[in-house]
Amino acid sequence: MRHLKAFHIFHVAASSLSYSEAAEKLCITHGAVSKQIKILEAYLGQKLYYRQGRHVRLTQEGETLKGYTEQAFLALAAGVEKLSHMQQTCLEISCEPTLTMRWLMPRLSDYYLDHPNADVRLSTAGGPVQLGTNGISLAIRRDDFPSADTHQITELVDEWVGPVCSAQYWQQIKDDLNQIKMLHSQTRPEAWNDWNRYAGINSLPKLATLSQQSFAHFYFCLQAAADGLGIAMGSYPLVADDISRGKLIAPFGFSKSGKRYILLRQELNNDDPLESSFIDWLQTHLALCVPNIVT
C-alpha cells in the first residue's frame, strides 16, 4: 500500500488530536507529522483535519478514515502477537483458585511427561477475565458469569455438588443430624441452599437450625471439612482426590449443580499447538471426574 507511513502517522495523530503528542510518541518532529498528513490529504483528495483555535479537529472524512485505520492497526497488532507466539513454549493460564490447588496442580506433572519443554505458568482468579492481558491466553472457570463475545468457550466437565466431611466426623453425628455444623464459604454463600433446593434430600434438619461456621475461601472450607470441623458443600471435581483417598466422604452423594467448568480461549489462537495440546489433555482428564455416588 502506498503511503503506509503516512497512514500510521495519521492514526497516531487522530488518536490524540495533537500533532505535538503524535510527534513525541513517534520520536519525530511536529513538522514531520504535518508533512505526512498533507501527503495523505493530497493522495486521498480530502481534508482530514481543520483547525479550531490552537487545536486540530478531524473532518467528517477524517473521522471515517480513523475508523478504518483503527481496525487495520488493531488487526496488524493481533497478527504480530499471534505470530510471535506460534513457537511459544510458555503457556500462561488463569484458573479458579480451588481448582488450581486441589485438582490441576497435582496433575501437571502428568502433562509434563508428554510435553517436557512446556512451561505452564498458573495464576489464580475467578469470574470474568480479559485474555491477552499479562500474557494470559487460557482461562479455566466455573460458568457463573457472562463471557466476552471474543472468547471461544470449551465445555470441560459438569459440576456435581454434595455435602462432604471426614469419615470420623460422620461417625460422630450420623445418628443425630441436628449436631451437624455447616461449613460455609464466603465465595459461595448460597451453596447449601442451592443444593438443598435441587437435591431433594428429606433426611436433613432445616438448615437454618444447624450450627454454622464461615470461611473466607472455598479451599479453606474444604480443608476444614477434611480436618473434621464440620460438613462443607463439596464440588466435584474439586474433592475428587480427597474422596478417592478417603480423606472426605459424601454421605448424601452428589447432584448436578447445573453449572460446569469451562475453558476460555482467544478465537485468534485456535491453531496454537501448545494451547491445543493442553486443552486436549485437560478435557481427557476432566472427563474422568464423575462421582460414583450420585443422587
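Starting with the highest mean, order 70-77, 175-182, 14-21 by the number of other Cβ atoms within 10 Å, averaged over the residues of each peptide.
Most protected by this proxy first, the peptides run 14-21, 175-182, 70-77.
Within a 10 angstrom radius of the beta carbon, how do Cys95, Cys27 rank from fewest other beta carbons to most?
Cys27, Cys95
Can you give me the Cα centroid spacing of segment 1-63 and segment 219-295 in angstrom?
The two parts, judged by their Cα centres, are 55 Å apart.
Of the listed values [x] 17.3; [y] 14.3; [z] 21.4, grab the one calculated as mean projected area of the Cα convex hull in nm² from the structure here.
The listed entry that was calculated here is [z].
Which percentage, to the nearest 5, of the DSSP beta bridges contained in segment 160-258 is antiparallel?
Approximately 55 percent, going by the DSSP bridge assignments.
Return, for the Cα atoms of segment 160-258, the radius of gyration and Dmax in Å, separated by a comma.
12.0, 32
How many lysine pairs does the chain hold where the Cα atoms are under 28 Å apart and the two sit 8 or more places apart or on different chains?
Pairs that pass both the separation and distance tests number 29.
Cα convex hull of segment 23-81: how many Å³ per residue?
Given the Cα convex hull of segment 23-81, per-residue volume reads 105 Å³.
When Val239, Val12, Val290 are ordered from fewest to most other Cβ atoms inside 10 Å of their Cβ, what list results?
Least to most surrounded, the residues fall as Val290, Val12, Val239.
Would you list Arg2, Arg57, Arg142 from fewest to most Cβ contacts within 10 Å?
The order, fewest Cβ neighbours first, is Arg2, Arg57, Arg142.
So for the chain: antiparallel DSSP bridges make up what percent, rounded to the nearest 5?
Of the beta bridges lying entirely in the chain, close to 60 percent run antiparallel.
Roughly how many debye, to the nearest 20, is the charge dipole of the chain about its Cα centre, given +1 on each Lys and Arg Cβ, -1 on each Asp and Glu Cβ, and no other charges?
That gives a dipole near 940 debye.
Since every read-out is calculated from the coordinates, none of them should be taken as a lab result. What you are looking at is a predicted structure, and each value in this text was computed from that prediction instead of being measured. Here Cβ is always computed from backbone atoms with ideal geometry, including for glycine, and neighbour counts include all displayed protein chains.
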